[in-house]
Amino acid sequence: MRAQDFQGVKLYRVPPQGKRTDKDGVPVRPKKMGKIHFPVFTPDGTRLVGFMVTPPEIAGMVKRPDVFVAYDALEPFEGVLCAVDEKGSFDKAAGKRLGVDIDHCLIWTGMDVRTRSGEALGYCADAAFNPKTGAVESYALTRSATASMLLGNVEMPARYLVGYREGCMIVDDAVVDLDVSGGAAAKAAEVTVAVSSKVKEGAKVLDDRGSVAVEKGTRAVGRQLGKTKGMFKAFTTEFKKAAGTPPKKKKGA
């Protein structure tokens, strides 16, 4: 399973087992909670522990801070993805239950990647993990959104992750020699179809105009949670600021 599979998915709250039907035996209707935003990992990057969830704005105008939801608190119910509505499912209480310091947990996705020796390898675009345990199997590294689409990513086994330093994911020097996999061009190559110059030109336009803001925004949120201005600051706002997206004008302004 991949972290990106969850991003943007609507999340609901559901009561704990034993409280999911009313006195007439009718299933309780899940309550809207928000949308899953970013995956959160242990400081050593070996395990996905949860997600930051962005609640809906109050009256469509007032932003609320993101909420951390533990991965093991998620489950399907009545056809939607839900978080079990218990104290130990959310924020610092969830971290305490999981035995992790949320302040030191990391959002590895979006973070710049460098080798031990200092060579830049792009950024971390995604992570594959065990759906039962949350154990990370690999991280997807890419040079850009367009490179990922056309050429694919470098699927780096989690064992190559060295650590975190100065806002970057530090990886073993051996990662430089890993092969790129997937992507439109890679798949086309398998059937001996070359990527035309027009496609390449279009890719450059996408890189220069379309993906720049997304790239800047995505990479800006790869960070240690405790280094934000308040642990659960709304990451949607962070993304827009980094991407250079102008704020919405208030009515009557």
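The values are calculated or read from the model by the stated rules, or taken from the named source; none is laboratory data. Being a predicted model, the structure only gives us computed values, none of them experimental. Here Cβ is always computed from backbone atoms with ideal geometry, including for glycine, and neighbour counts include all displayed protein chains. In case anyone asks, the SASA skips ligands and DNA or RNA and just uses the protein heavy atoms, side chains included. Shrake-Rupley method; radii C 1.70, N 1.55, O 1.52, S 1.80 Å.
Residues in region 1-80 average 57 Å² of solvent-accessible surface per residue, probe 1.4 Å, ligands and nucleic acids excluded.
Legend: calculated FRET efficiency, ARG165 to ALA59, from the Cβ-Cβ distance at R0 = 30 Å, rounded to 0.05, equals 0.10. Couplings 3J(HN,Hα) for region 32-40, derived from phi with the Karplus relation 6.51 cos²θ - 1.76 cosθ + 1.60 (θ = phi - 60°), are 5, 10, x, 10, 5, 10, 10, x, 10 Hz, where x marks Gly and Pro. Annotation: amide H of VAL171 within the under-5 Å range of ARG114, THR115, ARG116, VAL162, sequence separation 5 or more or interchain, hydrogens built in the peptide plane.
Taking R0 as 51 Å, what FRET efficiency do you get between ASP179 and ARG20 from their Cβ-Cβ distance, rounded to the nearest 0.05?
Numbers: r = 48 Å, r/R0 = 0.93.
Efficiency computed from Cβ-Cβ geometry: 0.60.
Taking Cα centre as origin and charging only the Cβ of basic (Lys, Arg, +1) and acidic (Asp, Glu, -1) residues, the dipole magnitude of region 64-165 rounds to 400 debye. Toward the positive end of the charge dipole of region 6-128, with +1 on the Cβ of Lys and Arg and -1 on the Cβ of Asp and Glu, the farthest Cα among GLN7, LEU74, GLY50 is that of LEU74.
Measuring against 20 Å, Cα to Cα, the residue pairs LYS10/LYS31; LYS35/LYS63; LYS10/LYS96; LYS19/LYS92; LYS31/LYS96; LYS19/LYS63 contain LYS10/LYS96; LYS19/LYS92; LYS31/LYS96; LYS19/LYS63 as the ones spanning a longer distance.
At a 10 angstrom cut-off on C-beta neighbours, averaged per residue, how do the peptides 82-94, 10-22, 37-49 rank from highest to lowest?
On the way: 82-94: 18.3, 10-22: 14.1, 37-49: 21.1.
With the highest mean Cβ count within 10 Å placed first, the list reads 37-49, 82-94, 10-22.
Gain on full extension, evaluated as 0.36 nm per residue between ASP172 and VAL80 minus their Cα-Cα distance, stands at 29.2 nm.
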